[in-house]
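Worksheet: the structure to be examined is printed underneath.
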There are 2 protein chains.
Amino acid sequence: MGQRRADTIAEELEERIFDGTFSDGDRLDEVRLAQQFGVSRTPLREAFQRLALSGLVELIPRRGAFVRQPGPVELMEMFEVMAELEAVCGRLAGKRISDRALAELNDANAKCQAALAAQDSDAYYVENERFHHILYRESGNSFLQQEACKLHKRLKPFRRQQLRFRGRLAQSMAEHEAVVQALTHGDGDAAAAVLREHVAVQGEKFHTLMASLKSAAE
Amino acid sequence: MGQRRADTIAEELEERIFDGTFSDGDRLDEVRLAQQFGVSRTPLREAFQRLALSGLVELIPRRGAFVRQPGPVELMEMFEVMAELEAVCGRLAGKRISDRALAELNDANAKCQAALAAQDSDAYYVENERFHHILYRESGNSFLQQEACKLHKRLKPFRRQQLRFRGRLAQSMAEHEAVVQALTHGDGDAAAAVLREHVAVQGEKFHTLMASLKSAAE
DNA sequence: GTCAATCTTTTTGTATACAAGAATGCAAAT
DNA sequence: ATTTGCATTCTTGTATACAAAAAGATTGAC
């Protein structure tokens, strides 16, 4: 419905929340933003609705729309769920993955390796993402795929930093190889175990990151 | 935002979609429903937005809002994901569950047993639901809990029928006992395995149900 | 009789106008 | 000085009005 402008506005706002233009607790002023986008309040309100359902914004009746960034605890929880979803994808893919997809995974891994050799963490990041999306797809369950993609996207801004941890790229690479190895042998459980650890460690890294930031602030 | 009436309208529409007043593919007429609810189009459109994000309604630009019931394939996929989510809850609960919660689970099971003895499938259904919600909570991950609840609710109208299968109640009961048993011993993996099967079988039952309906229609 | 093009009607998307609730500031009283 | 009550102001929630796009009908040609 509120489609032509409302959805582009929703994306734009989502972008600004992700990139930190708006921070946690900020109120999204209807009239201000309406003027800024050059539209009326109506499409903005429709955009707010969508953001609310994605969990990026909290709608308080008669009070307004407030940016709702996940706190450390919620973030850890989300990483934990992400880890489990990836594990499920891996396990299901063990039974269902095609040779074609296995080749794709190997290709993504090769490009990851190249990026690693070139110390190009951006390129690594891109191929890493491709790797995981192939996995979601090969779960053979498009509902699961959608859910995994949604959460993956949601965690994107928090994951990027993790890759910069010392030695993380190499370790991550090895884990990818292990996943492909397991899937090649049709061992979904092994792939699941590796993936669970692979993603869970990101949550832990994040945890230590938060802890260091906190102690630095004290 | 669109809060006072818009959200009650959203709930009402959700209700009607669940109970079959609206069936798959139906267009939700803005003006018609607006008159019916005695409001203007604005709150209705806000309600549509919410339903769209829950996946119950599809918003096609410049065309309108259409009811979107999951088809057999999508439903099977959703049951599969539900099974995996429950399994994850079980595994995590194995490490984290409290004695208090174990007692609650036993209580729910006892009431289930009573309902089973009384051939009261409605009562069984209620306690069964409680059992699962306790499990979600005891995963110790409130994000996971939320996701599990959302999907559980979404599948509600399709699950109810399954319980009427011959002998299903008794089997379901036994599975619940097995879950509590595993959790009591802190064996999350065992609980996960049982739960995965416990929920997955619902998807299969559904599958056979669909198949029988289809062959009956031919 | 069928098909196509155009015109009419309907319906969505957006803007604006209005009403009601919440926040803020000021003043008076304790 | 603090607090309580009221009034003002701002903001949200809803209704209505208008514009543009899509669906539908009508007329004309073949």
Quick one: label points 7 angstrom along Cα→Cβ at A:Arg41, distances to the other copies in nm, smallest first? 1.9
What residue among B:Ala193, B:Ala182, B:Ala114 shows peak mean-square fluctuation when chain B is described by a Gaussian network model with Cα springs under 10 Å? B:Ala114
Across region A:72-217, how large is the tail of the calculated P(r) beyond 22 Å, expressed as a percent of all Cα pairs? 36
What list of ³J(HN,Hα) couplings, whole Hz, do you get for region B:15-26 from phi and the Karplus terms 6.51, -1.76, 1.60, once you set θ to phi - 60° and write x for glycine and proline? 4, 5, 5, 5, 7, x, 4, 9, 10, 3, x, 4
Just want the ordering: B:Leu135, A:Leu105, B:Leu33, from fewest to most Cβ atoms lying within 10 Å of their own Cβ. B:Leu33, A:Leu105, B:Leu135
Across A:Lys111/A:Lys156; A:Lys153/B:Lys111; A:Lys95/B:Lys111; A:Lys111/B:Lys150; A:Lys111/B:Lys95, pairs whose alpha-carbon gap is larger than 31 Å: A:Lys153/B:Lys111; A:Lys95/B:Lys111; A:Lys111/B:Lys150; A:Lys111/B:Lys95
Neighbour-limited loop hits for trypsin sites (Lys or Arg not before Pro), region A:53-102 (at most 10 other Cβ within 10 Å; DSSP other than H, G, I, E, B): A:Arg62
Where the label is 7 Å out from Cα toward Cβ, how close does B:Arg100 come to the same position in every other copy, in nm, shortest first? 5.4
Projected label distance in nm at A:Thr8 and B:Gln171, using a 7 Å step from Cα toward the beta-carbon: 5.4
Taking R0 as 41 Å, what FRET efficiency do you get between A:Gln146 and B:His185 from their Cβ-Cβ distance, rounded to the nearest 0.05? 0.70
One decimal, nm, shortest first: give the distances between the label point of A:Thr184 and those of the same position in the other copies, each label point 7 Å from Cα along Cα→Cβ. 4.7
Computed helical MRE - 222 nm, chain B, DSSP H runs ≥ 4 contributing -39500 (n - 2.57), nearest 500: -25500 deg cm²/dmol
Provide a whole-number value for the mean count of partner chain Cβ atoms within 10 Å of the Cβ atoms in peptide A:76-88. 5
Under Stokes-Einstein, region B:43-128 at 37 °C and 0.692 mPa s, with its Kirkwood radius over C-alpha pairs, diffuses with a coefficient in µm²/s of 197
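Please report, to one decimal in angstroms, the Kirkwood hydrodynamic radius of region B:6-67 built from all distinct Cα-Cα pairs. Write out the running numbers ahead of the final one.
Numbers: mean 1/r = 0.0883 Å⁻¹.
It is 11.3 Å.
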Computed on Cα atoms, Rg of region A:109-174 relative to 2.2 N^0.38 Å comes out at 1.17
Per principal axis, largest first, the Cα atoms of region A:73-120 extend in Å by 35, 33, 8
For the protein assembly as shown, radius of gyration divided by Kirkwood radius, i.e. Rg to Rh on alpha-carbons: 0.98
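Just so you know, all these numbers are worked out from the coordinates, no wet-lab data involved. Because the structure is a prediction, the values reported are computed rather than measured. Neighbour counts are summed over all protein chains in view; Cβ atoms, including those assigned to glycine, are modelled from backbone coordinates with ideal geometry.
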